[in-house]
Amino acid sequence: MAIVEVQTEQEARQGWSYQVVVHREQQPATTHTVTLAWIDHDYWSGGRCAPSKVIQALVEYVLRHETPPLPAAFDAARARRWLPQIDMELRGLI
């Protein structure tokens, strides 16, 4: 089980950038920079929740589905390549 902590949020060109820390049992914590475009935020959440909540739900979802290790930096839309079903399933988790 992993705990995902969204630490910082910065406005970026066409969206936001986040520093996310992933805490796993008996493993050192890892830090990741994750970007989220406005269009993806609107698509996944319909604008009904904060972008940081979308990032937290997305990272938790990816970690539960045993994808390749999270890169140090990635855009949230990249998760679609790892898990094509994320578009349908993430909406129900946010």
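The values are calculated or read from the model by the stated rules, or taken from the named source; none is laboratory data. Computed from a predicted structure; not experimentally measured. Here the Cβ is made from the backbone with ideal geometry for all residues, glycine too, and neighbour counts use every protein chain on show. Heavy atoms of the whole protein, side chains included, go into the accessibility calculation; ligands, DNA and RNA do not. Shrake-Rupley method; radii C 1.70, N 1.55, O 1.52, S 1.80 Å.
Worth pointing out:
- The angle separating the long axis of helix 51-64 from the principal Cα axis of greatest extent in the chain is about 50 degrees.
- Kirkwood-based Rg to Rh ratio, region 36-75, C-alpha trace: 0.99
- Computed 3J(HN,Hα) for region 29-38, one whole-Hz value per residue from the Karplus formula 6.51 cos²θ - 1.76 cosθ + 1.60 where θ = phi - 60°, is 5, 10, 10, 9, 9, 10, 9, 9, 7, 3, glycine and proline marked x.
- Carbon/sulfur fraction of accessible area - the chain, other protein chains in place, 1.4 Å, %: 51 percent
- Only one residue of Met88, Pro51, Ile3 has its Cα farthest out toward the positive end of the dipole of the chain, where Lys and Arg carry +1 and Asp and Glu -1 on Cβ, and that residue is Met88.
- Its Cα centre serving as origin, the chain has a Cβ charge dipole (Lys and Arg +1, Asp and Glu -1) of approximately 120 debye.
- Label selected from [x] 17.1, 55; [y] 12.3, 37; [z] 17.5, 65, the criterion being Rg and Dmax of the Cα atoms in Å as computed here: [y]
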